[in-house]
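The values are calculated or read from the model by the stated rules, or taken from the named source; none is laboratory data. Please read these numbers as outputs of a predicted model, since none were measured by experiment. Cβ placement follows ideal geometry from the backbone for every residue including glycine, while neighbour counts extend to all protein chains displayed.
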Amino acid sequence: MTSSASEASAADEVRDLDPFAIFDAEAARLDAHFASLDQAGWDRPSRCAGWSVRDVLGHLAGEELYNHACLDGDLGPLFETMKANGITGFNDFNEWCVRERRGLPVAEVLEEWRTKNGETRRRMRELGRDGTVQTSAGPYPAGLQTFHYDSEFATHADDVYAPVSADEEADRMLWRVQVGMFALAESGADAQVERTAEQIWVHTGGAEVQLSYEDFVQATVGRLDENKSVPAPVVSALRCLA
C-alpha cells in the first residue's frame, strides 16, 4: 500500500472489521477501568503529557460535544462556544474540556461520559457503515469515522493503563494495525508501507525500517517510545491518528 492509494482502497484495509463492535468493546474497557479506580488511580499521570488519568476522562467527556455536533449535522453552535471561550483550535478545545471538568466530582464526569458516549455509539450504529456524518472536514462515512473513534479509545485506554486480557491481545493488535494502514492510505502519507505476518516494513524520506506491530501502532498514534531509535522521517510520516 502506498500513499497514492484511493479512498476506496484505503477502506479495503478495514472492510472485514466491524467498527461499531470495536467501539463498544473499547468503551466497555474504559468504563470498567474507570469504575475500578480509587483516588490514587485517578491522580496517576497518564501517558498524555500533563494529564492525569482523571484528565483523560475529562477529555473524553468533553469530546462528546464535538461528536454530538457532528451527529446533529450542525457544528455552528460548537464553534460559537469555542469562539466565546477564546478557543482557536482543537488542541485548545481539548485543554478547555479538561479544565472545565477538573473542579467537578469525578462521578459526575464519569456519568457525563457514559451517557453521552452511549448516545454517540447508538447513533453511529444506527447510521450504519455507509451512512454519512458531518465532521469538521466535511461529510464522511459513519463507519470510517467510527474507526477513528475506535483508535482513539484504544489509545486512551492504553494511556490510562486499562488492562487487556491475554485472549484479546492478538485480535486487538491486528485491528489496530489495519486501522493504522487505512489511516495512512487515507491521509496520503509520504510512506510506502507493507505488512507481513509479523512486521511492518516502512520506507520514507530515504529511511527504511522494519517495525513490530506494536511499534507501528504506537507510531500511528504518536506514542512510539523515543528509545526505539526510529528515524525521525519515519516517525513523522507514520503519525496519522489521534
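Taking segment 1-51 as the range and being at pLDDT 95 or above, of a type in the set (Asp, Glu) and closer than 23 Å to residue 173 by Cβ as the test, the residues that pass are 16, 18, 24, 26, 31.
Within segment 178-210, the set of residues being crowded, with 18+ Cβ neighbours inside 10 Å and β-branched (Val, Ile, Thr) comprises 179, 193, 200, 202, 204, 209. Residue 153 fulfils the conditions (1) closer than 27 Å to residue 36 by Cβ; (2) under 16 Å from the mean Cα position of the chain (by Cα); (3) without any contact (Cβ under 8 Å) to a residue 24 or more places away in the chain except for a single criterion, (3).
Scanning segment 134-170 for residues that are hydroxyl-bearing (Ser, Thr, Tyr) and surrounded by 15 or more Cβ atoms within 10 Å (Cβ to Cβ), we see that the one that is nearest to residue 30 (Cα to Cα) is 155.
For segment 63-106, residues that are surrounded by 11 or more Cβ atoms within 10 Å (Cβ to Cβ) and either in a helix (DSSP H, G or I) or among the basic types (Lys, Arg) (or both) total 28.
Restricting segment 92-132 to residues that are β-branched (Val, Ile, Thr) and touching a Gly at 6+ places or on another chain (Cβ under 8 Å), the residue that is farthest from residue 10 (Cα to Cα) is 109. Scanning segment 214-236 for residues that are under 17 Å from the mean Cα position of the chain (by Cα) and aliphatic (A, V, I, L, M) gives 217, 219, 221, 224. Within segment 203-242, the residues that satisfy the criterion of being modelled with pLDDT under 95, β-branched (Val, Ile, Thr) and either in a loop (DSSP other than H, G, I, E, B) or out of contact with any Pro (no Cβ under 7 Å at 6 or more places or on another chain) (or both) are 230, 234, 235.
Each residue in segment 160-216 was checked for being touching a residue at least 24 places away in the same chain (Cβ under 8 Å), farther than 30 Å from residue 34 by Cβ and polar (S, T, N, Q), and 3 of them qualify.
Looking at segment 133-142, can you tell me whether even one residue there is part of a helix (DSSP H, G or I) and under 30 Å from residue 67 (Cα atoms)? Looking for residues that are part of a helix (DSSP H, G or I) and under 30 Å from residue 67 (Cα atoms), one finds at least one in segment 133-142, hence yes.
Number of residues in segment 119-137 that are free of Cβ contacts under 8 Å to residues at least 60 places away in the same chain and not hydroxyl-bearing (Ser, Thr, Tyr): the value is 9. Candidates 102, 121: the one that is under 23 Å from residue 61 (Cα atoms), over 19 Å from the mean Cα position of the chain (by Cα) and at pLDDT 95 or above is 102.
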